[in-house]
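Heads up: the structure comes next, in structure tokens.
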Amino acid sequence: MAEKVAVDPKTAARWLAAGRIPHPRTRVAVAGILRRDAAELWPEPFRRRDGARSS
């Protein structure tokens, strides 16, 4: 996946292990590869943008 979206493998590993969120452009690319909606994979940035509070 890291190679397909042009990021370092350590960066991609942090998305899973450390719960980090990819940059917006990368989120869209990963979601496209996985055939999922980016908001489904990483809902937190979308909640923040909508003004909802995170718990």
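Considering A52, A17, which residue is open to solvent by less than 100 Å² (accessible area, probe 1.4 Å) and at pLDDT below 85?
On the way: A17 fails: at pLDDT below 85.
One residue alone meets the criteria, A52.
Given the criteria exposed (fewer than 12 other Cβ atoms within 10 Å of the Cβ) and either touching an Asp or Glu at 6+ places or on another chain (Cβ under 7 Å) or at pLDDT 95 or above (or both), does A6 qualify? It is true that A6 is exposed (fewer than 12 other Cβ atoms within 10 Å of the Cβ) and either touching an Asp or Glu at 6+ places or on another chain (Cβ under 7 Å) or at pLDDT 95 or above (or both). Within the stretch 21-34, the set of residues being open to solvent by 90 Å² or more (accessible area, probe 1.4 Å) and under 8 Å from the mean Cα position of the chain (by Cα) comprises H23, V28.
The values are calculated or read from the model by the stated rules, or taken from the named source; none is laboratory data. All of these numbers come straight from a predicted model, not from anything done at the bench. All Cβ positions, glycine included, derive from the backbone under ideal geometry; neighbour counts span all protein chains shown. Quick note on the areas: whole protein, heavy atoms, side chains included, nothing else; ligands and nucleic acids left out. Shrake-Rupley method; radii C 1.70, N 1.55, O 1.52, S 1.80 Å.
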